[in-house]
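Scroll down for the structure; my scribbles are underneath it.
The values are calculated or read from the model by the stated rules, or taken from the named source; none is laboratory data. Note that the structure is a prediction, hence the values are computed from the model and not measured. Cβ: placed from backbone, ideal geometry, glycine included. Neighbour counts: every protein chain shown.
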Amino acid sequence: MKKSLYVFSEGELKRKDNTLVFETQAGKRYLPVEDTKEIMAFGEVSFNKSLLEFISQKEILIHYFNHFGYYMGTFYPREHLNSGYMILKQAEHYQHPEKRLLIARAFVKGAYRNIRQVLKYYHNRGRELGELISLIENLGQGIEDCQEISQLMALEGHIREHYYHGFDIIINNRDFRFQERTRRPPKNFLNVLISFGNSIIYSMMLSEVYKTHLDPRIGFLHATNFRRFTLNLDVAEIFKPIIIDRLIFSLLDKNMITKDDFEHQVEGLLLKEKGKRVFVEELDRKLETTINIKSLGRNVSYRRLFRLELYKLEKHLMGEKVYEPFVASW
Amino acid sequence: MFVIMVYDINEKRVAKVLKRSRKYLYWVQNSVFEGEISETNFNKLKIELSRIIKDKEDSVIFYTFRTTKYSNRETMGLKKGGDDNIL
């Protein structure tokens, strides 16, 4: 599988001999362009138009993040997989209230089931989560009854709120208290990690959307607007609990990230470069691990699951097979 | 699949082979490349190289593995190149 490239150090990314080279003061590193899926730029990377041309030709996306690790944007090469048919189908399902609700509900259901799965995992390992699980299961029952997107979103917010309260029980570390979900800027360590992880997964999902005929501008749960891509946010909802949250639990459990990896700044809290690196390294490792998917009869990496989810959505839009979100079984 | 590529090429053409291989694989040492590669890209690489090399003078060897599960990689001394994707 092609690799994601994460750049933290300062340097220049260039096109050379029809491949990529990253030049720093320490020296040159050649990177096989045919083995590169996307570039995540965290550090000060400079590049020129000839690199952008080359990257477009190779259908590689560049996601860039600011100094604080917030997602800033994507260099999105000219669309390579243009399908008017799929866009029309997508728009049709967006505009028809019932059809849209059906898909939006599937996303919320997927997110809910994966959240429940994560809680159950820790419950089976002796954490006191029984009450919380039944509370969330009660809320989950209501997904089918939602007749409006706004109700659905409110319900999802509710579930997530309760779920985040479970974090304190799971993590059990005085330095990492959840308190409440805060964003822009996140007010405590845990919120920094959640935001950082989520923004990476959103951009990865965007890379996958790029490889399908779907249009990232038309989401179903998140309302389509003039500002941003939304389809990737929709699909990422399903994977956030099982990828990012689980990663955070294991990083904190193994003390791979501690409170020393953060620094206070005027604008809020900041994860230091070392912390970001550890996070990204472990995330990359996690995404490469494979699991057996019974319906396919073969092993598939977590990262590949992102794309498969989009293919299922395409099938739904074309009326071939009703979309069922991915639910982790462990 | 995973590939280890080693080569012994006449000086006149060695730079060309180096440059071509960089597109697909990670350079690890002089005359050694390795990396994960798809079936198609592997064929492309072989075709591209066959156009450069002279059969009577040059030699390229590929070791391919379906997975790296049963292999072990040990190194001594300097780390010259590698397949890091976090820079």
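Values computed for the structure shown
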| read-out | value |
| --- | --- |
| Candidate set from the stretch B:15-39 (those that are out of contact with any strand residue (DSSP E or B) (no Cβ under 8 Å at 6 or more places or on another chain) and among the polar types (S, T, N, Q)); member that is nearest to the other protein chains (Cβ to nearest Cβ) | B:S38 |
| Positions within the stretch A:271-294 being assigned to a strand (DSSP E or B) and either within 14 Å of chain B (Cβ to nearest Cβ) or within 13 Å of A:F42 (Cα to Cα) (or both), in sequence order | A:L271, A:T290 |
| Of the criteria (1) over 15 Å from A:H162 (Cα atoms); (2) free of Cβ contacts under 8 Å to residues at least 24 places away in the same chain, which one A:L81 fails | (2) |
| Residue within the stretch A:1-14 that is in contact with a Phe, Trp or Tyr (Cβ under 6 Å, 6 or more places away or on another chain) and crowded, with 20+ Cβ neighbours inside 10 Å present | yes |
| Any hit, the stretch A:34-55, residues being charged (D, E, K, R) and under 18 Å from the mean Cα position of the chain (by Cα) | yes |
| Filter result for A:D175 (charged (D, E, K, R), at pLDDT 85 or above and part of a loop (DSSP other than H, G, I, E, B)) | no |
| Looking only at the stretch A:181-200, and only at residues there that are of a type in the set (D, E, K, R), farther than 19 Å from A:Y112 by Cα and more than 17 Å from the chain's Cα centre (by Cα), the one that is surrounded by the fewest Cβ atoms within 10 Å (Cβ to Cβ) | A:R184 |
| The one condition in (1) within 11 Å of chain B (Cβ to nearest Cβ); (2) over 30 Å from A:V266 (Cα atoms); (3) buried (at least 17 other Cβ atoms within 10 Å of the Cβ) that A:A26 fails to fulfil | (3) |
| Set A:A91, A:A111: member being under 18 Å from the mean Cα position of the chain (by Cα) and touching a residue at least 12 places away in the same chain (Cβ under 8 Å) | A:A111 |
| Evaluation of A:P216 against (1) out of contact with any Lys or Arg (no Cβ under 7 Å at 6 or more places or on another chain); (2) in contact (Cβ under 8 Å) with a residue 24 or more places away in the chain (one fails), failing number | (2) |
| A:L5 within 9 Å of another protein chain (Cβ to nearest Cβ) and either in contact with a strand residue (DSSP E or B) (Cβ under 9 Å, 6 or more places away or on another chain) or assigned to a strand (DSSP E or B) (or both) | yes |
| Yes/no for A:R105 being more than 30 Å from A:Q265 (Cα to Cα), in a loop (DSSP other than H, G, I, E, B), away from chain B (no Cβ under 14 Å) and free of Cβ contacts under 8 Å to residues at least 60 places away in the same chain | no |
| Tabulated pairs, the stretch A:149-171, first assigned to a helix (DSSP H, G or I), second of a type in the set (V, I, T), C-beta under 6 angstrom, 6+ apart or interchain | A:L152/A:V108; A:E156/A:V108; A:I159/A:I136; A:H162/A:I136; A:Y163/A:I115 |
| Only one of A:S9, A:S50, A:S4, A:S56 that is in contact with a Leu (Cβ under 7 Å, 6 or more places away or on another chain) and of a type outside the set (A, V, I, L, M) | A:S9 |
| Residues of the stretch A:115-134 satisfying the condition of being surrounded by fewer than 17 Cβ atoms within 10 Å (Cβ to Cβ) and part of a helix (DSSP H, G or I) | A:Q117, A:K120, A:N124, A:G130, A:E131, A:S134 |
| Test: B:K12 is in contact (Cβ under 8 Å) with a residue 24 or more places away in the chain, more than 10 Å from chain A (Cβ to nearest Cβ) and basic (K, R) | no |
| The lone exception for A:E263 - which of (1) touching a His at 6+ places or on another chain (Cβ under 7 Å); (2) in a strand (DSSP E or B); (3) acidic (D, E) it fails | (1) |
| Residue in the stretch A:45-60 that is under 19 Å from A:F306 (Cα atoms) and surrounded by 15 or more Cβ atoms within 10 Å (Cβ to Cβ) present | yes |
| Some residue of the stretch B:28-50 being farther than 29 Å from A:E282 by Cα and over 16 Å from the mean Cα position of the chain (by Cα) | no |
| 3 or more residues buried (at least 16 other Cβ atoms within 10 Å of the Cβ): qualifying strands (runs of 3 or more DSSP E) within chain B | B:2-8, B:26-29, B:32-36 |
